[in-house]
Amino acid sequence: MLLLTEIIGQRDEPAIHQRLHAVEHSGRVETLSLSAADMARRRVRGVTDAGTDCAIAIARDRTLMDGTVLLLEADRAIVVRAEVERWLRLVPRSAADAVQLGYQAGNLHWRVRFAGADLLVALEGPVERYLARVRHLVEAGQVTVAGQDEVA
């Protein structure tokens, strides 16, 4: 297992970009795909696309982002890639229904954001698990499930 404790920088920084470009020619830039939840953590474990088992342990004042470079050597690099997030779009019928839906989402500690009057719920598991928790609102016609969105 490779222990990564430092953030070298971001892929798009000019000096880092040049060095990464040189390593790319040898085909030795590895990508470590992480979910949004994992990118918010300071300690996480994952496997790169080349099969390297990595343990990340960074300082509390550092943040992982899409394009974060964790390893940059003359012949090898590891870069973080943010996985595409899936969001469940829920549309309340009225303001009162929106309050009830918001209360439900808050009680369940769901990570949400808003798109106009729609509530977007980050899917961090099977969609069925989320739908089961708001089924009573959907069946009563208070909330419509408008599908899923993907955001990188």
Given (1) of a type in the set (A, V, I, L, M); (2) farther than 30 Å from Arg11 by Cβ; (3) in contact (Cβ under 8 Å) with a residue 12 or more places away in the chain, identify the lone condition not met by Ile78. (2)
Of all residues in region 73-88 being within 11 Å of the chain's Cα centre (by Cα) and either assigned to a loop (DSSP other than H, G, I, E, B) or of a type in the set (Ser, Thr, Tyr) (or both), the one that is nearest to Val138 (Cα to Cα): Val84
Answer yes or no as to whether Val99 is crowded, with 17+ Cβ neighbours inside 10 Å and of a type in the set (A, V, I, L, M). no
Inspect region 129-139 for any residue being among the hydroxyl-bearing types (Ser, Thr, Tyr), over 30 Å from Arg19 (Cα atoms) and either assigned by TED's automatic domain parsing to the domain that holds Cys54 or surrounded by 11 or more Cβ atoms within 10 Å (Cβ to Cβ) (or both) and give the result as yes or no. yes
Does region 32-49 hold any residues that are out of contact with any Cys (no Cβ under 6 Å at 6 or more places or on another chain), more than 16 Å from Glu85 (Cα to Cα) and at pLDDT 95 or above, and which are they? Arg43, Val44, Arg45, Val47, Thr48, Asp49
Which of the residues belonging to region 61-75 are of a type in the set (Ser, Thr, Tyr) and in contact (Cβ under 8 Å) with a residue 60 or more places away in the chain? Thr68
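Is at least one residue of region 46-68 in contact with a helix residue (DSSP H, G or I) (Cβ under 6 Å, 6 or more places away or on another chain), part of a strand (DSSP E or B) and among the acidic types (Asp, Glu)?
no
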For residues in region 50-92 being among the acidic types (Asp, Glu) and surrounded by 12 or more Cβ atoms within 10 Å (Cβ to Cβ), which is farthest from Leu131 (Cα to Cα)? Asp66
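The values are calculated or read from the model by the stated rules, or taken from the named source; none is laboratory data. These numbers come from a predicted model, not from an experiment. Quick reminder, even Gly has a Cβ in these numbers, built from the backbone with ideal geometry, and neighbours come from all protein chains shown.
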